[in-house]
1. Ordered by residue, what ³J(HN,Hα) values in Hz, to whole numbers, does segment 285-293 give under the Karplus form 6.51 cos²θ - 1.76 cosθ + 1.60, where θ = phi - 60° and Gly and Pro are x?
2. Please figure out what share of the DSSP beta bridges in the chain is antiparallel and state it in percent, rounded to the nearest 5.
3. Could you give the angle, 0 to 90 degrees to the nearest 10, between helix 200-218's Cα long axis and the longest principal axis of the Cα atoms of the chain?
4. Normalise the Cα radius of gyration of segment 200-358 by 2.2 N^0.38 Å (N = residues in it) and let me know the number.
5. Mind ranking 48-57, 32-41 by how tightly packed they are, going by the mean number of other C-beta atoms within 10 angstrom, highest first?
6. If I ignore ligands, DNA and RNA and count only protein heavy atoms, how much of residue 241 is accessible to a 1.4 Å probe, in Å² to the nearest 10?
7. Using every alpha carbon pair in segment 9-65, what percent of pairs falls into each 5 Å bin from 0 up to the bin containing the largest distance?
8. Starting from the Cα of residue 52, draw a straight line to each of the aspartates and glutamates and keep only those under 14 Å, dropping any in the same chain fewer than 8 residues away.
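The values are calculated or read from the model by the stated rules, or taken from the named source; none is laboratory data. Note that the structure is a prediction, hence the values are computed from the model and not measured. Here the Cβ positions follow ideal geometry from the backbone for every residue, glycine too, while neighbour counts run over all protein chains shown. Each accessible area value is taken on the protein alone, full model and side chains, heavy atoms only, with ligands, DNA and RNA left out. Shrake-Rupley method; radii C 1.70, N 1.55, O 1.52, S 1.80 Å.
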Amino acid sequence: MKREAVNFINNLIKKDAQTPFYFYEMSVLENTLKSVAALSGNYGYEVHYALKANSNDTILQQISKYLPGADCVSGNEVKKAIETGFDAKKVVFAGVGKSDREIDYALDQNIFCFNCESLQELEVINQRAALKNKTAHIALRINPGVNANTHHYITTGLEENKFGINIWELPSVLLLLKSLSNLKIIGLHFHIGSQITDLQPFRSLCLKVNEIQDWFDSQHIHLEHINVGGGLGVNYHEPDSAAIPDFAAYFKLFNDFLRLKPNQKLHFELGRAIVAQSGSLISQVLYEKIGIKTRFAILDAGMTELIRPALYQSYHKIENISAASDGNGFLYDVVGPICESSDCFGKAVPLPETKRGDIIAIRSTGAYGEVMASQYNLREIASSVFMP
Ligand SMILES: *Cc1c(COP(=O)(O)O)cnc(C)c1O
């Protein structure tokens, strides 16, 4: 972690800040936003920020200054996006289980588009829109059958996944749409998974989208936009030197391989790539425990503050920012206080000798960290702190 951030945290602790807390480096967030806004703008692409990655108000207010579009997966996210400065006319609403109440709310806000995930959902949105005498703009979320090569819990683009409509269902979808007079299809939507660091799956996605587009052409259906979702990964091993993902290569790939039709716009929904590297979870060592083969560092943070390692064995860089050097130390199992064996942030983590009271930074927690906090074991929700 950078010296400046370490000093900032040490000052807070001296002033009795209660650990654990979420720590955000706003300069990292801002530099990331400048990069993604400029590089997507070069191609005329539109990026909707995926609120589910981090919906902290301060973070959202900053993001909406650079990216006015939002990708929401619940009615409350639509509401939160609008409250924190995103443009309702640039809100997309996805999710396999939109309730009637959520659909009604989004219709009232005149959002840009519903990304629809099943035939029955199309019928329900049509009914709700008819009650309001409105036309709902929709995109079909299609399962392209592309393997994202990421953890199976965060792979979403394969058949027999709960997400999206399968390609073989498309003829019946078009037939159905003819009878739904309060829907207008304006686009196609895809999202193949998350934390994708090798760009090859995105290339496969482009080629698949080209094929699917040709089929829609043959059906004489003109689509105003293609939305390729999100999923661009970050480097969890190098949070400082690789703070900003390679957006240039990412957007260039779509420019190179995805054939847009005339007047068609390309949309993205990025979450993790925008917010992950700006956040760290800061905690203190409560106890050291030396077993037969294993040394444990027991933290005051647990899976209640960061569930990713317990939920999908994800790696986060762990640093002891109190210890004088990174020099010779030990291998530690870094664990939390929660009564679950999966409450472990990392096994055999090399750390300098680590003592009760040392401050531990768990890095790259800006995405899917604070948003997934829970009160399991009746714990308090940790506060968040922002460094300019
Ligand atoms: C989760 C999600 C995203 C964002 O994914 P990231 O990996 O955080 O970029 C985008 N679109 C949809 C539909 C999602 O479910």
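1. With the stated coefficients, segment 285-293 comes to 6, 8, 9, 9, 9, 10, x, 6, 10 Hz.
2. For the chain, the DSSP antiparallel bridge percentage is about 35.
3. 10 degrees
4. 1.47
5. Ranking the peptides 48-57, 32-41 by packing returns 48-57, 32-41.
6. About 100 Å², rounded to the nearest 10.
7. 4, 14, 22, 20, 15, 11, 7, 4, 3, 1
8. Excluding near neighbours in sequence, the set is 71, 77, 269, 370.
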